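Structure first, commentary second.
The values are calculated or read from the model by the stated rules, or taken from the named source; none is laboratory data. It should be emphasised that the depicted structure is a prediction, and the values quoted were computed from it without experimental measurement. Using ideal geometry, Cβ is built from the backbone for each residue, glycine included, and neighbour counts are taken over all protein chains shown.
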Amino acid sequence: MPAAGPSSEPIIPTVPLTAEMRDSLRAIVGEKGLIEDEHGKQPFVTDWRGLLVGRAGAVVRPGNTEEVAKVVRLCHEHRVAIVPQGGNTGLMGGATPWPAHTGIVLSLGRMNRVLDVDATGYTMTVEAGCVLQALQETASRHDRFLPLSLGAQGSCMIGGNLSTNAGGVQVLRYGNARNLVLGLEVVLPNGEVWDGLRALKKDNTGYDLKQLLIGSEGTLGIITAAALRLLPRADTRAVVLAAVDSSEQALQLYSLLFARCGARLQAYEFFTGECLDLVLAHAENVQAPFSERHPAYVLLEIADTASEEVLNALLEAVIGDALEQGLCRDAAVSASLAQLQGLWRLREEISEAQRADGLHLKHDVSLPIESIPAFMTSMQARLQARHPGIRPFIFGHFGDGNLHYNLSRPLGADPKWALGEGKAVSDEVMEEVTRYIGSISAEHGIGQLKRDAFLTLKDPLELRLMRAIKQVFDPSGIMNPGKLL
């Protein structure tokens, strides 16, 4: 369930596709690149959860950058709106057209070639339609590592990852998607192609334009290719699941681990006992990790290029100190790859378990890490005072301050409770996040579903600057209209 639906549709260009334009599009991308029947368009105009359904005059699937440029140029000349789309796995409706949309969805899925792998320079140049997992596997075959890792990596595409500045489980060590980008190729809203596809570690020649495009959710142009930074493979891995009393104790444990393990600490995930209860109830082939239930859990992973003996010795010493200092109640350490994967499943199955439980209000928020315990306490008190019995299911990338603060109906309430109460509850969550100088979107973006809150809570000066940038890139307003701004 999204955090809150948009209160009203924005004003977007509604120039329909004429027969002449359809012929022109067909001439550019061919019959296989143009989808016009309603059944064929349906997967492209519906978000992956089936919550949002829009419209499109056609779905256009170009096969290369030249075709993208020709399509965009044609739409620019006729003021036809464009919704760029990668794997369509986003959670905020950023790649889903509005119901009033009469223009095109431009899908990058056919542009899926790896253009170059430079193992010596640790770079990879790829087209925007490459599936993330395929890129991870390509890097691995060259004995290199692409550290972007998401739950949707088997279907999401790198162009969409970059347009939303995707996060994932390894941001703590490697940063967001933008930290992995060396250069971009972008088709601008007038059809011009900006060739910034330089695989340079250093380029101090003025404004870093690629960073404007990363995270812009397709509102400034269409990313068609990217030069990505690779790293050495860290094949020696170990995972620990630690039971903790509270988020405050999780914070103290994090401080110890980060001080002792440094860059080896590549994931630090947190989830409450309620989340584990859901997983044990709904997921198959999972087992309770400890003999007794605990209030919360931390799943941490350390990895290195060093030997397994060195890593295990470090881990044994750190976890031993944590237990001795009372920073966790219990700990389970992976002794094999199967155990490592089993511990990760307890965290990774939470979203599917929530889906099985029914509609949940989902909030992807970011906070200063030291404020997480205070936020969780004050937020819970505020919600229980105004919405008695509401059930929180909280998990996320604790090490980088990202919480998925999800809420479900009180026991015995109507299963559709979230549909009626959602906006009021979500407004309170986002107000509280703002009070702690946090962000209402850590990694999912704004899209359609957080647009109203974004325009209400964002600093007016920042909004004014963003609108000015949008005007420079896209004065006609045809590029993914009604998203973000």
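Observations on the structure shown:
- Residues (assigned to a helix (DSSP H, G or I) and either among the charged types (D, E, K, R) or without any contact (Cβ under 8 Å) to a residue 24 or more places away in the chain (or both)) located in the stretch 425-447: 427, 428, 431, 432, 434, 435
- Screening residue 295 with (1) at pLDDT below 95; (2) at negative phi gives one miss only, at (1).
- Restricting attention to the stretch 448-466, the residues that are surrounded by 12 or more Cβ atoms within 10 Å (Cβ to Cβ) and either over 18 Å from residue 422 (Cβ atoms) or free of Cβ contacts under 8 Å to residues at least 40 places away in the same chain (or both) add up to 7.
- Of all residues in the stretch 10-47 being part of a helix (DSSP H, G or I), in contact (Cβ under 8 Å) with a residue 60 or more places away in the chain and out of contact with any helix residue (DSSP H, G or I) (no Cβ under 7 Å at 6 or more places or on another chain), the one that is surrounded by the most Cβ atoms within 10 Å (Cβ to Cβ): 44
- The residue that is surrounded by the fewest Cβ atoms within 10 Å (Cβ to Cβ), counting only those in the stretch 297-309 that are more than 24 Å from residue 397 (Cβ to Cβ) and in contact (Cβ under 8 Å) with a residue 24 or more places away in the chain, is 307.
- Residues that are in contact (Cβ under 8 Å) with a residue 24 or more places away in the chain, more than 23 Å from residue 447 (Cα to Cα) and not β-branched (Val, Ile, Thr), drawn from the stretch 366-384: 368, 370, 371, 373, 374, 375, 376, 378, 379, 382, 383
- Screening residue 194 with (1) buried (at least 19 other Cβ atoms within 10 Å of the Cβ); (2) among the aromatic types (Phe, Trp, Tyr); (3) farther than 30 Å from residue 405 by Cα gives one miss only, at (1).
This table checks each residue for (1) in contact with a strand residue (DSSP E or B) (Cβ under 7 Å, 6 or more places away or on another chain); (2) under 30 Å from residue 68 (Cα atoms).
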position	(1), (2)
211	no, yes
216	no, yes
226	yes, yes
235	no, no
241	yes, no
244	yes, no
284	no, no
298	yes, no
324	no, no
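- Counting the residues of the stretch 229-252 that are of a type in the set (S, T, N, Q), closer than 27 Å to residue 179 by Cβ and at pLDDT 95 or above gives 1.
- All of (1) surrounded by 18 or more Cβ atoms within 10 Å (Cβ to Cβ); (2) at pLDDT 95 or above hold for residue 89 with one exception: (2).
- The set of residues in the stretch 260-280 that are assigned to a helix (DSSP H, G or I), at pLDDT 95 or above and not charged (D, E, K, R) comprises 273, 275, 276, 278, 279, 280.
- Selected residue [in contact (Cβ under 8 Å) with a residue 24 or more places away in the chain and farther than 26 Å from residue 200 by Cα] from 105, 131, 126, 114: 105
- Being closer than 21 Å to residue 392 by Cα, at pLDDT below 95, surrounded by fewer than 20 Cβ atoms within 10 Å (Cβ to Cβ) and acidic (Asp, Glu) is a property that holds for residue 348.
- Within the stretch 467-485, considering residues that are outside any loop (DSSP other than H, G, I, E, B) and in contact (Cβ under 8 Å) with a residue 60 or more places away in the chain, the one surrounded by the most Cβ atoms within 10 Å (Cβ to Cβ): 479
- Filter result (assigned to a helix (DSSP H, G or I) and surrounded by fewer than 17 Cβ atoms within 10 Å (Cβ to Cβ)) within the stretch 221-251: 248
- Here 363, 294, 387 are screened, and the one residue that is touching a helix residue (DSSP H, G or I) at 6+ places or on another chain (Cβ under 8 Å), under 28 Å from residue 407 (Cα atoms) and either of a type in the set (S, T, N, Q) or in contact (Cβ under 8 Å) with a residue 60 or more places away in the chain (or both) is 363.
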